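Following: one structure in structure tokens, then a few remarks.
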Amino acid sequence: MNLTIDGCRIRTEPEQSLLDLVKKLKLEGKTLADRPLAAKIAGEVFTLNYIPLRQKDAAADRPSMRRAMEASGGEVRLLRYADPAGKECYIRTAQFTLFLAIRQLWPEARAKMNCTLGSSVYISVSGCENFSAAALKERVALLVGQDIPLIRRRVPLQTAVDRFTREGQRDKARLLAWRKWDYFDEYAYGEFADYYYGEMMPSTGYLTVWDILPADGGFIFVYPDDRAPQTCAKVPSMPNFFSVFNEGERWCSLMECETVADLNDLTTSGRIRELIRVNEALHEKRFSQVADMVSQRGARAVMLAGPSSSGKTTSANRLATQLRVHGKKPILMSLDDYYIDRDKIAPGPDGKLDLEHINTLDCELFREDMGRLLAGQETELPTFNFLTGRREWRGHKLRLEKDSVIIVEGLHGLNPAMLPENVDRGLIFRLYVSPLLPLNLDDHNRIPTSYLRLLRRIVRDYETRGASVQRTISMWDSVRRGEQRWIFPYQENADVIFNSSTLYELAVLKKHIFPLLTAVGPEDECYEEVRGIVKVLNYIQEADVDDEIPPTSLVREFIGGNSFYR
């Protein structure tokens, strides 16, 4: 069988792994930035331990071949840390090594993935009195030095359930009870076995750049810096974000919905309807509290920001409703109306327009308009025509009245570049909205917040814009890069961080999205991203409870029926 690996043609012999071929071609790389971590064939990601040609197939007239290999014509692209899929392999390998080390040192401890903090993750540890981040760091370094091969194996499902039950990992045993197939794939070393729903690097020795820092109740594992992978990332101080995530976990506990297995139990019992009512009441209470804060401060403007599909538009409208309870006259504005004409935006290095970049907005005009409005002057506001890609002036003039409060919604709302000069900062309230989902698959597997936002966006783009799954996902990496650069660095500037996630929505979204995802095949470039989402959704019970979701719900912004859009 002939393959082309990163442009180099090579013949593979029976039982040779992709890693063997990479070494034969001298493509190993000397630093993490250069080193191949996995491979992409058509739309599917493979471990470098993958063997394209088995001995049993070599003598056949036509060797059996994975669909992705056949679709690619033998083209193999190596993935490095700069590739999102390569970074995910690195993260999964780190998880395996961390939890293996904890099992070896503190067999009775419960370690749980909690939340990401920039390019690091906080992991809580309970059930042991002598936990030490320093001892953990030493053991992880030992495991990395041993260069343990990471080979996936398939075991009967009941065997995995029984073992996890014996080991006290009830969260995993309960999750697997919802699995549809009678087998389970896992990675193992000695008596320890686990799985992280995706490919890993060839061995623990590939885990070359990392750090472990002590933290209250556990530790922080630090990943490589995205822009300079040869060094560890800096751990940002994120007290507001961390506080909001902890609050979300507290509500998970109170509503008895900490894992997907809990959500499934609520769905099958019908109690998910109660969960919906409590979730929606919690959001309403929080919007009311934010309105209280805005009114008590005497703020005249609310700058509302958040990443894509966080529910900014619905949040702005619900906050406006609560401000009316205080006798205020809210006025909704969008930063989208300050886009520069499309033909005046210089394309990026890839020849495409980066619409996440702050330079696509006329920041100077916005600052001038806000300054005049807050000074009590009449101002004509622009309107951006998305069909023509140009700014228009339609005679929309505005002057603030005594009780007026402007709510400005947009990606860059917290960026200091948007704040007008010589204006009392007390007049501006800053609100950050993001769905910080605290629900886990199990203790060792988080459901990333970005997964939830991507699901929301796929459903909304398909329902309202006729966009395919492939098109939405093709833009997602660009969206994520823009967030990392222009949104996340400013989230701690907010006066309040609002968690716009709901614990029930994955069960609701599944009905809308699952048929779209399962129609994507291995030959599609976005297959790996889709497969990662499907692996999570396969464990989630679908809930047909749209009638319980109120028309003002944040979830309605994505599944339809939102009263603010009528």
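The values are calculated or read from the model by the stated rules, or taken from the named source; none is laboratory data. Note that the structure is predicted; figures quoted are calculated from it, not measured. Reconstructed Cβ throughout: ideal geometry from the backbone, glycine too, with neighbour counts over all protein chains shown. Remember, those area values only see protein heavy atoms, side chains included, never the ligands or the DNA or RNA. Shrake-Rupley method; radii C 1.70, N 1.55, O 1.52, S 1.80 Å.
In the list Asp336, Asp341, which residue meets the criterion of being farther than 19 Å from Val302 by Cα and in contact (Cβ under 8 Å) with a residue 12 or more places away in the chain? Answer to the check: Asp341.
The residues of segment 511-566 that are free of Cβ contacts under 8 Å to residues at least 60 places away in the same chain, hydrophobic (A, V, I, L, M, F, W, C) and within 18 Å of Asn279 (Cα to Cα) amount to a single one, Val555.
Can you tell which of Pro52, Pro36 is of a type outside the set (D, E, K, R), surrounded by 19 or more Cβ atoms within 10 Å (Cβ to Cβ), touching a Lys or Arg at 6+ places or on another chain (Cβ under 7 Å) and touching a residue at least 24 places away in the same chain (Cβ under 8 Å)? Walk me through how you get there before you give the answer.
Working: Pro52 fails: touching a Lys or Arg at 6+ places or on another chain (Cβ under 7 Å).
Every option except Pro36 fails the conditions.
Taking segment 480-510 on its own, how many of its residues are acidic (Asp, Glu), touching a residue at least 60 places away in the same chain (Cβ under 8 Å) and in contact with a Phe, Trp or Tyr (Cβ under 9 Å, 6 or more places away or on another chain)?
Keep residues of segment 480-510 that are acidic (Asp, Glu), which gives 483, 492, 495, 505.
Still in the list and also touching a residue at least 60 places away in the same chain (Cβ under 8 Å): 483, 492, 495.
Next, only the ones that are in contact with a Phe, Trp or Tyr (Cβ under 9 Å, 6 or more places away or on another chain) stay: 492, 495.
Final tally of qualifying residues: 2.
List the residue pairs whose Cβ atoms are under 8 Å apart, where the first residue sits in segment 388-417 and is without any contact (Cβ under 8 Å) to a residue 12 or more places away in the chain, the second is in a loop (DSSP other than H, G, I, E, B), and the two are 6 or more positions apart or on different chains. Here the result reads Glu392/Pro382, each pair linking segment 388-417 to a residue that is in a loop (DSSP other than H, G, I, E, B). Residue pairs whose Cβ atoms lie under 7 Å apart, sitting 6 or more positions apart in sequence or on different chains, and linking a residue in segment 79-90 that is part of a helix (DSSP H, G or I) to a partner that is modelled with pLDDT under 95 and open to solvent by 50 Å² or more (accessible area, probe 1.4 Å), are Pro84/Asp477.
The rows are residues; the columns are (1) among the small types (Gly, Ala, Ser); (2) touching a helix residue (DSSP H, G or I) at 6+ places or on another chain (Cβ under 8 Å).
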{"residue": "Asp20", "(1), (2)": "no, no"}
{"residue": "Arg35", "(1), (2)": "no, yes"}
{"residue": "Gly43", "(1), (2)": "yes, yes"}
{"residue": "Leu53", "(1), (2)": "no, no"}
{"residue": "Phe99", "(1), (2)": "no, no"}
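Against the definition (surrounded by fewer than 16 Cβ atoms within 10 Å (Cβ to Cβ) and at pLDDT 95 or above), how does Thr208 come out, yes or no?
Values: surrounded by fewer than 16 Cβ atoms within 10 Å (Cβ to Cβ): yes; at pLDDT 95 or above: yes.
Yes; evaluated as a whole, the condition is true for this residue.
Among the residues of segment 239-261, those that are more than 30 Å from Gly482 (Cα to Cα) and without any contact (Cβ under 8 Å) to a residue 12 or more places away in the chain comprise Arg250, Ser253, Leu254, Glu256. Scanning segment 455-468 for residues that are open to solvent by 10 Å² or more (accessible area, probe 1.4 Å) and part of a helix (DSSP H, G or I) yields a count of 6. Listed conditions (1) open to solvent by less than 70 Å² (accessible area, probe 1.4 Å); (2) touching a Leu at 6+ places or on another chain (Cβ under 7 Å); (3) not basic (Lys, Arg) are all met by Leu355, apart from (2).
Under the condition of being surrounded by 19 or more Cβ atoms within 10 Å (Cβ to Cβ) and either within 29 Å of the chain's Cα centre (by Cα) or closer than 17 Å to Phe192 by Cβ (or both), the residues counted in segment 126-138 number 1.
Does Glu525 qualify as being open to solvent by 40 Å² or more (accessible area, probe 1.4 Å) and closer than 23 Å to Ser434 by Cα?
Values: open to solvent by 40 Å² or more (accessible area, probe 1.4 Å): yes; closer than 23 Å to Ser434 by Cα: no.
The answer is no for Glu525.
The C-beta contact set for segment 97-121 (first residue closer than 15 Å to Gly190 by Cβ, second residue aromatic (Phe, Trp, Tyr) and open to solvent by less than 10 Å² (accessible area, probe 1.4 Å), distance under 6 angstrom, 6+ apart or interchain) comprises Leu100/Phe192; Arg103/Phe192.
Any residue in segment 313-329 that is assigned to a helix (DSSP H, G or I) and at pLDDT below 95? Yes, segment 313-329 contains a residue that is assigned to a helix (DSSP H, G or I) and at pLDDT below 95. Considering only residues that are hydroxyl-bearing (Ser, Thr, Tyr) and outside any helix (DSSP H, G or I), look in segment 142-187 and name the one that is farthest from the chain's Cα centre (by Cα). Among those residues, the one meeting the criterion is Tyr183.
Scanning segment 321-340 for residues that are polar (S, T, N, Q) and open to solvent by less than 60 Å² (accessible area, probe 1.4 Å) yields Gln322, Ser334.
Can you tell me which residue within segment 290-302, out of those that are more than 20 Å from Glu492 (Cβ to Cβ) and part of a loop (DSSP other than H, G, I, E, B), is most open to solvent (accessible area, probe 1.4 Å)? Quick ask: steps written out before the conclusion?
First, the residues of segment 290-302 that are more than 20 Å from Glu492 (Cβ to Cβ): 291-292, 295-296, 298, 300.
Next, from what is left, pick out any that are part of a loop (DSSP other than H, G, I, E, B): 298, 300.
Working: Gly298: 34, Arg300: 57 Å².
Only one residue fits best here, namely Arg300.
In the set (1) open to solvent by 20 Å² or more (accessible area, probe 1.4 Å); (2) of a type outside the set (Ser, Thr, Tyr); (3) free of Cβ contacts under 8 Å to residues at least 24 places away in the same chain, Leu176 fails one condition alone, (1). Residues in segment 303-320 that are farther than 18 Å from Thr552 by Cβ and open to solvent by less than 10 Å² (accessible area, probe 1.4 Å): Met303, Ala305, Pro307.
Do we find that Phe287 is part of a helix (DSSP H, G or I), aromatic (Phe, Trp, Tyr) and open to solvent by less than 40 Å² (accessible area, probe 1.4 Å) in this structure? Write out each step before concluding.
On the way: part of a helix (DSSP H, G or I): yes; aromatic (Phe, Trp, Tyr): yes; open to solvent by less than 40 Å² (accessible area, probe 1.4 Å): yes.
When the stated conditions are applied, Phe287 passes them.
When segment 1-30 is filtered for residues that are open to solvent by 60 Å² or more (accessible area, probe 1.4 Å) and under 17 Å from Gly205 (Cβ atoms), the ones remaining, listed by number, are Asp20, Lys23, Glu28, Lys30.
Out of the residues in segment 341-352 meeting the condition of being more than 30 Å from the chain's Cα centre (by Cα) and open to solvent by 30 Å² or more (accessible area, probe 1.4 Å), tell me which one is farthest from Gly413 (Cα to Cα). Applying the filter and picking the extreme gives Asp343. Within the set Pro202, Pro224, Pro236, Pro229, the sole residue that is surrounded by fewer than 19 Cβ atoms within 10 Å (Cβ to Cβ) and touching a residue at least 60 places away in the same chain (Cβ under 8 Å) turns out to be Pro236.
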